[in-house]
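What follows draws every value from the coordinates through simple rules; no lab data is involved. Computed from a predicted model, the values in this text were never measured in an experiment. Reconstructed Cβ throughout: ideal geometry from the backbone, glycine too, with neighbour counts over all protein chains shown.
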Amino acid sequence: MSSTQPTLSVAVVGAGFAGLATACMLARCGHQVTVFEKFGKPESLGAGILIQPSGLAAMRALGIHDEVVAHGAKVDHLLGVTARQRPVVNVRYQRWQPGSFGLGLHRGVLFNALWRQAQACGVKLVTGEEVRDLATLQAHDLVVIADGTRSSLRGQTGLACSDRLYPWGAVWAVLRDPQQQYGSTLWQWYRGARQMLGIMPTGHAPGGQGPVVSLFWSLRADQYRVWLDAGLEAFKREVLALHPGCDGLLDQINSLDDLTWARYHDVVMPAYHTDRCVVVGDAAHATSPQLGQGTNLALLDAVVLCDCLKQGLPVAQALERYTQLRRGHLHFYGQASRWLTPLFQSDLWLLPWLRDLFMNLGSGLPVVGSLTRQTLVGVRQGWLSRETLELAKLQAQDAA
């Protein structure tokens, strides 16, 4: 820890990816960190996640990169096609930087790595205790709000915030893929914007014996009950009509209860801090999953916040700098996700038609292709800015 940096008493609310990553980084910097988690037995629930090169760089800074990558599935190609097999999304990481890749990952793998790292760093982990009032944490020098999309504390900061619920969501399942049929490609199939199937290699589940994939099926929220009433066989018929080759995966689904329903939020904050409080992760910037950036942005929050506090500034100034550094990056990905979502999940017909006609063609052009790849890997800082995240500098940040 820098000689100019005072030791802070830090309270982190929430033991999700953002909370645990922030706790690890700050504890390694020498701060006294306590994590408060409302669940008695914390765990990460949800489908597989895609870690982009930006998230992988953040994991190097966190000291968990090698462990996590060993349990994930390297993804080097994103391929989305229409029901007639016409390419719509066709992006290879190799065209951004040779040797680069995304990582399909079971959420539990990342959670377990962060939990163990927090313990190793000396973080005090308080479980089964829900913080309902920010005033109860006033004894701490810094409060980090990381209690997720439905944050109960965000509104108590007085910070401006917009939280909009998307009309679409998805059902998902993690399924066995012993033959690794889907290789190193994240696949998607589209029929307009009303139907979308996604299958992502997801590595190995915690304690699992073989490779798995995550299956996603797009669904309007107001049609969820109708979908339930239609039953399992109707669901399978719809999926097979879009992609006949996934019958082996569908055979593993014996009931609609094997599928989990998920909704998306669009959270936007002009600023993320007060004088002694900062909001990170989905509590600050939840998006739809169209760009696969949520986890990556949360891990980056932790690394950047720690770096700001290492500069020896008073807490209020360090947090102001954090907002300045993160605002452009976070707002860009929020806008990009917001604008892309109707192209893939909506009742519109013209936009998906234009998508099918021009998206693959455009990504092959020099300027559009470069913007597409920079956006995918998580380094884009804005629509017009030529500056991108310096991943080598980011991953070299440690707590020394």
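Some values worked out for this structure:
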item	result
Cα-based equivalent ellipsoid, the range 75-227: semi-axes from gyration tensor eigenvalues, Å	36, 23, 16
Stokes-Einstein D in µm²/s, Kirkwood radius over Cα pairs - the range 140-284 at 25 °C with 0.890 mPa s viscosity	138
From the coordinates shown, Cα extents along the principal axes in Å corresponds to which of [x] 62, 47, 39; [y] 60, 52, 47; [z] 64, 54, 39	[x]
In Å, descending, principal axis extents of the Cα set of the range 216-345	61, 26, 23
Highest to lowest packing among 374-380, 40-46, 330-336, scored as the average C-beta count within 10 Å	374-380, 330-336, 40-46
Those aspartates and glutamates that a straight Cα-Cα span of less than 20 Å connects to residue 74, excepting residues fewer than 8 apart in one chain	66, 177
Debye, to nearest 20: dipole size of the chain, +1 on Lys, Arg Cβ, -1 on Asp, Glu Cβ	800
Per DSSP, loop chymotrypsin sites (Phe, Trp or Tyr not before Pro) in the range 334-400 with at most 16 further Cβ within 10 Å	349, 383
Cα-only radius of gyration and Dmax that characterise the range 299-400, units Å	17.5, 54
Antiparallel %, DSSP beta bridges [both residues in the chain], to 5	65
By average C-beta atoms within 10 angstrom, highest first, the peptides 249-262, 163-176	163-176, 249-262
CD proxy at 222 nm, helix term only [per DSSP H run n ≥ 4: -39500 (n - 2.57); per residue of the chain; nearest 500]	-11000 deg cm²/dmol
Nearby aspartates and glutamates by direct alpha-carbon distance to residue 310 (threshold 18 angstrom, same-chain neighbours under 8 apart not counted)	141, 275, 301, 320, 398
D_trans [Stokes-Einstein, Kirkwood Rh over alpha-carbon pairs] for the range 134-211, 37 °C, 0.692 mPa s, µm² s⁻¹	189
Under-5 Å amide H pairs with residue 75, H placed in peptide plane, nonlocal only	102, 103, 104
Lys/Arg +1, Asp/Glu -1 at C-beta; the chain dipole; positive extreme among 18, 185, 239	185
Measure of compaction for the range 170-244 (Cα Rg per 2.2 N^0.38 Å)	1.19
Among 139-146, 116-123, the order from most to least packed when residues are scored by Cβ within 10 Å on average	139-146, 116-123
Inter-label distance for residue 350 and residue 262, nm, one decimal - labels placed 7 Å from Cα along Cα-to-Cβ	3.2
